[in-house]
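Participant: Mind looking over this structure? Questions follow.
The values are calculated or read from the model by the stated rules, or taken from the named source; none is laboratory data. Just so you know, these numbers come straight off a predicted model, no measurement behind them. Here the Cβ is made from the backbone with ideal geometry for all residues, glycine too, and neighbour counts use every protein chain on show.
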Amino acid sequence: MNIYEAIKKDHDIQRDLCDKILKTSGNSSERKEFWTKLRKELEVHEVAEERYFYSPLIETDSMQEDARHGMAEHHEIDELIQELEATDMVSPHWLATMKKLNDKVHHHLKDEENEFFGKAKKVYSQNKSKELMEGYEKTKRDYKKDWPNSIPGSDLES
Ligand SMILES: [Fe+2]
Ligand SMILES: [Fe+2]
């Protein structure tokens with residue numbers, strides 16, 4: 001497995017959880033369960049992806065702008081997560097915000113898979129893409145263990 005395959009596998013999990021959440025209602029146990037899973041997937045993925053996909057790309061002229069763009073979208077995703085956390089699940093605003101998050105996530109994953117992966121393949125050698133995958137997977141395992149406290153900035157939440 002290389003970094004692209006590892007990321008794609010997690011993107012599929014994110015898309016599946018988004019679909020599942022949009023089919024739930026009110027403050028049902030399914031909605032709570034899927035939401036917690038999605039939030040954990042997104043937050044841990046962002047940490048690992050920024051460090052093992054985006055960070056080395058910042059050093060290149062061909063991809064610095066893409067890396068900036070991608071990480072800015074992570075920030076937008078985080079803001080929607082915070083808004084959902086601060087909203088009552090039974091309110092219509094929760095579902096409306098979840099739809100926004102779903103759109104944002106789909107758009108972001110498409111940018112990464114259809115645009116950034118192809119460009120990154122010109123930057124990372126095959127060996128490097130395997131090495132990055134190992135760091136990515138290890139970071140995910142480590143940060144999942146102590147989630148949500150492991151997430152940088154989680155102590156800043158109100
Ligand atoms: Fe991302
Ligand atoms: Fe991603």
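Participant: Scan ARG51, ARG31, ARG15 and give me the residue that is basic (Lys, Arg), surrounded by 19 or more Cβ atoms within 10 Å (Cβ to Cβ) and either assigned to a helix (DSSP H, G or I) or touching a residue at least 24 places away in the same chain (Cβ under 8 Å) (or both). Working first, answer last.
Facilitator: Values: ARG51 fails: surrounded by 19 or more Cβ atoms within 10 Å (Cβ to Cβ); ARG15 fails: surrounded by 19 or more Cβ atoms within 10 Å (Cβ to Cβ).
Residue meeting the stated conditions: ARG31.
Participant: Condition first: exposed (fewer than 15 other Cβ atoms within 10 Å of the Cβ) and either of a type in the set (D, E, K, R) or in contact with a helix residue (DSSP H, G or I) (Cβ under 7 Å, 6 or more places away or on another chain) (or both). Now tell me which residues in the stretch 112-129 satisfy that. Quick ask: steps written out before the conclusion?
Facilitator: To start, the set of residues in the stretch 112-129 that are exposed (fewer than 15 other Cβ atoms within 10 Å of the Cβ) comprises 113-115, 118-119, 121-123, 125-128.
Answer for the stretch 112-129, where residues must be exposed (fewer than 15 other Cβ atoms within 10 Å of the Cβ) and either of a type in the set (D, E, K, R) or in contact with a helix residue (DSSP H, G or I) (Cβ under 7 Å, 6 or more places away or on another chain) (or both): GLU113, GLU115, LYS119, LYS121, LYS122, VAL123, LYS128.
Participant: Could you tell me whether ASP19 is more than 16 Å from ligand 2 (Cβ to nearest atom) and modelled with pLDDT of 95 or more? Reasoning before the result, please.
Facilitator: On the way: more than 16 Å from ligand 2 (Cβ to nearest atom): yes; modelled with pLDDT of 95 or more: yes.
Yes: the conditions hold for ASP19.
Participant: May I ask you to list the residues in the stretch 132-158 that are in a loop (DSSP other than H, G, I, E, B) and in contact with a Ser or Thr (Cβ under 7 Å, 6 or more places away or on another chain)?
Facilitator: Initially, the stretch 132-158 is screened for residues in a loop (DSSP other than H, G, I, E, B), giving 146-153, 157-158.
Selection gives PRO148 alone.
Participant: Hey, among the residues in the stretch 77-98 that are within 16 Å of ligand 1 (Cβ to nearest atom) and surrounded by 13 or more Cβ atoms within 10 Å (Cβ to Cβ), which one's farthest from LYS20 (Cα to Cα)?
Facilitator: As a first pass, look at the stretch 77-98 and keep what is within 16 Å of ligand 1 (Cβ to nearest atom): 77-81.
Still in the list and also surrounded by 13 or more Cβ atoms within 10 Å (Cβ to Cβ): 77-78, 80-81.
Numbers: ILE77: 18, ASP78: 20, LEU80: 18, ILE81: 16 Å.
Per the stated criteria, the residue is ASP78.
Participant: Could you tell me how many of the residues in the stretch 1-18 are out of contact with any helix residue (DSSP H, G or I) (no Cβ under 8 Å at 6 or more places or on another chain) and away from ligand 1 (no atom under 14 Å from the Cβ)? Break it down into steps so the answer makes sense when it comes.
Facilitator: Applying the first criterion (out of contact with any helix residue (DSSP H, G or I) (no Cβ under 8 Å at 6 or more places or on another chain)) to the stretch 1-18 yields 9, 12, 16.
Still in the list and also away from ligand 1 (no atom under 14 Å from the Cβ): 16.
Within the stretch 1-18, residues that are out of contact with any helix residue (DSSP H, G or I) (no Cβ under 8 Å at 6 or more places or on another chain) and away from ligand 1 (no atom under 14 Å from the Cβ) number 1.
Participant: Being surrounded by 14 or more Cβ atoms within 10 Å (Cβ to Cβ) and not hydrophobic (A, V, I, L, M, F, W, C) is the filter here; which residues of the stretch 149-158 pass it? Step through it out loud before you land on a result.
Facilitator: Filtering the stretch 149-158 down to residues surrounded by 14 or more Cβ atoms within 10 Å (Cβ to Cβ) leaves 150-151.
The answer is SER150, and nothing else.
Participant: May I pose another question? Return the total of residues in the stretch 67-90 being under 18 Å from LEU57 (Cα atoms) and either in contact with a His (Cβ under 6 Å, 6 or more places away or on another chain) or polar (S, T, N, Q) (or both).
Facilitator: Residues that pass the stated criteria total 1.
Participant: Here is a further query. When you go through ILE7, ILE21 one by one, which is the residue that is under 13 Å from GLY135 (Cα atoms) and of a type in the set (Val, Ile, Thr)? Step through it out loud before you land on a result.
Facilitator: Working: ILE21 fails: under 13 Å from GLY135 (Cα atoms).
Going through ILE7, ILE21 in turn, just one is under 13 Å from GLY135 (Cα atoms) and of a type in the set (Val, Ile, Thr): ILE7.
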